[in-house]
Amino acid sequence: MKLENQSKIEEFILLGFVEFYEVQTFLFFTFLVIYVVIMTGNILIVAAVIFNQHLHTPMYFFLGNLSFLEACYSSYIFPWMLSSLSTGDGSLSVTSCLMQWYFCGSLLATECCLLGVMSYDRYLAISKPLHYFTTMNTQACIHLAAASWLSSFIGFSILLSLMLQLTFCGPNEINHFICDYFPLLKLSCSDTSLIEMLGLFLDAILILPPFVLTLTSYVYIIVAILKIPSTTGRQKAFSTCSSHLIVVSIFYGSLMIVYMLPKGEGNGEMQKFSSLLYLVLPPLANPFIYSLRNKEVQNALRNNIGSLVSCKTTAKKLENV
C-alpha cells in the first residue's frame, strides 16, 4: 500500500515537551542517563541468563525474555526522543509514525503476555513443586515465550494493515512524544469504527487474559504460602515471587494510571506525562529489582564481570610477552 497516495498530509509533528522549551537540555541529559541505565541493566541480565548454566531455569529464561524485550522497547523510543530534544525537530513521516506505534504496541502486548506466563511459572513452582520441572520443561518454556511474542506481533499486524488505509487530513500535530493509538485515530478523517472494534478485541485477547492469569496465579500463590506451617518456609516461598510481584505491580499500576484517565481535551498533558510511567519506570526499575533482591543474579553478574576482567588481564599479559 502506498500511504502517500491516500493521505493529504505526509508527516506528523510530535510536540513532545515543547512547553518545557527552556529546559530542553536538562531533559535531554536526563533521558540520556535513563536510557543508558536501562540498556546497561537489561543487557547485563540477558548476558547473565545466557552465560551462566545455573540460571538456565524456566524463571530466568522468562526473565531474560523480559529484559531483552525492554531493551528493544527502550531502543525504539529513547533515541527518537533524544534526537527530537537535541534538534527541536519533532517531524515524522506518516508511515514512520504508524510503524513506531506498531512496534511499541506489539512489545507492550508481549510484555503483558510474558508477565502472565511468569506469574503462572511462579504459581507452579510454589503450589505444585513436585510437578514443576515436568510441566515447565524446556519445550513448554519455548512454546510459551514464542506464543507471547508471535501472538502480539501478528495481532497488531492486522490492526496495522487497517491503520495504513486511514486518510489523515490535518491538523498534523500530535501533543505527545510518541505516536500513540488514540491521538492517531483522532487525527484521521476516515471512519475508524472498525479499527476501534478490532482494537478492543485485541485488548480482550492479548491484554485482559494475561492480567486475569496474573491475578489468579497470585491469589493461589498467596493461599499456598499461607498454608505453609513454618515461618521460615513462608518467607522462603514468598521471596521466590516477591521480585516478580513488584514488577507486575509497577507495570500494571502505571498502565492503569494512563488508560483510566479521561480522554478529554483538558487531559492531553496529563496523558502525555503519565505515559512516561509505563515507558520509563518498568524497564528502569526491573533490572534493579531482580539484581538487588536476587542473590543468584548478583553472583552471576559478578562471575561474568570477573571473567571479563580476567580475560582482559590475560590478553594484556600475552601482548606484553
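Tabulated results
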item	result
Fluctuation leader among 203, 191, 121 - the chain, Gaussian network, Cα springs under 10 angstrom	191
Angle between the chain longest axis and helix 268-292 axis [Cα atoms, degrees, rounded to 10]	20 degrees
Label corresponding to semi-axes √(5λ) of the Cα gyration tensor in Å when calculated from the structure given, among (1) 38, 27, 18; (2) 39, 23, 17; (3) 62, 25, 17	(1)
Value of relative contact order over the chain, rounded to a whole percent, pairs C-alpha under 8 Å and six or more apart	26 percent
Helix-derived mean residue ellipticity, 222 nm - over the chain, DSSP H n ≥ 4, -39500 (n - 2.57), to 500	-26000 deg cm²/dmol
Cα-based equivalent ellipsoid of region 1-94: semi-axis lengths in Å, sorted from largest, via gyration tensor	35, 21, 7
Highest-first arrangement of 130-139, 41-50, where packing means the average Cβ count within 10 Å	41-50, 130-139
Degrees between helix 58-87 axis and first principal axis of the chain (Cα, 0 to 90, nearest 10)	30 degrees
Lysine pairs meeting the criterion (Cα under 21 Å, 8 or more apart or interchain), as found in the chain	8
Cα long-axis angle, helix 24-51 against the chain (0 to 90 degrees, to the nearest 10)	40 degrees
Those chymotrypsin sites (Phe, Trp or Tyr not before Pro) in region 171-261 that DSSP places in a loop and that have at most 15 other beta carbons within 10 Å	none
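No value in this document is a laboratory result; all are computed from the given coordinates. Here the structure is a predicted model, which is why all the values come from computation and not from measurement. FYI the Cβ positions are ideal-geometry reconstructions off the backbone, even for glycines, and counts take in every protein chain you see.
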